Amino acid sequence: MLAKFLSNGDLAIGMFNLGDVAANLSVDLWDLGLGAKTGCRLALYDCIAHQNAGTESEMLLCTIPAHGCKVFRGRLEMK
């Protein structure tokens, strides 16, 4: 997993499965300084599927196919 805050305050998140079988991967938003206790949540946009992917405040969970990836752009929102 790679995560980077962008110049406008959004968050780019890349999740990668280098294995030969599908995998369930997660990102704990607390590790990024964005846990629910901070009052923040992420409005996610799936950059590969070009669609909104919902809003998360605790953890981002994804099933990623073998040798696949997911790339999200998250906009910070206050609850």
(message) If I ask for residues that are in contact (Cβ under 8 Å) with a residue 24 or more places away in the chain and small (Gly, Ala, Ser), which ones from segment 41-57 would you list?
(response) Ala43, Ser57
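Would you mind stating whether Ala53 is modelled with pLDDT of 95 or more and not aromatic (Phe, Trp, Tyr)?
For Ala53, the condition - modelled with pLDDT of 95 or more and not aromatic (Phe, Trp, Tyr) - is met.
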(request) Answer yes or no as to whether Leu18 is at pLDDT 90 or above, surrounded by fewer than 16 Cβ atoms within 10 Å (Cβ to Cβ) and over 12 Å from the mean Cα position of the chain (by Cα). (result) yes
(request) Look at segment 47-79 and say how many of its residues are surrounded by fewer than 16 Cβ atoms within 10 Å (Cβ to Cβ), in a strand (DSSP E or B) and small (Gly, Ala, Ser). (result) 1
(request) Those residues that are without any contact (Cβ under 8 Å) to a residue 60 or more places away in the chain and among the acidic types (Asp, Glu), I need them from segment 1-40; list them, please. (result) Asp20, Asp28, Asp31
(request) Would you be able to say whether some residue in segment 5-15 is surrounded by 14 or more Cβ atoms within 10 Å (Cβ to Cβ) and over 13 Å from the mean Cα position of the chain (by Cα)? (result) no
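The values are calculated or read from the model by the stated rules, or taken from the named source; none is laboratory data. In this text the structure is predicted, and so the values were computed from the model without any measurement. A quick note on method: Cβ atoms are made from the backbone with ideal geometry, for glycine too, and the neighbour counts reach across all protein chains shown.
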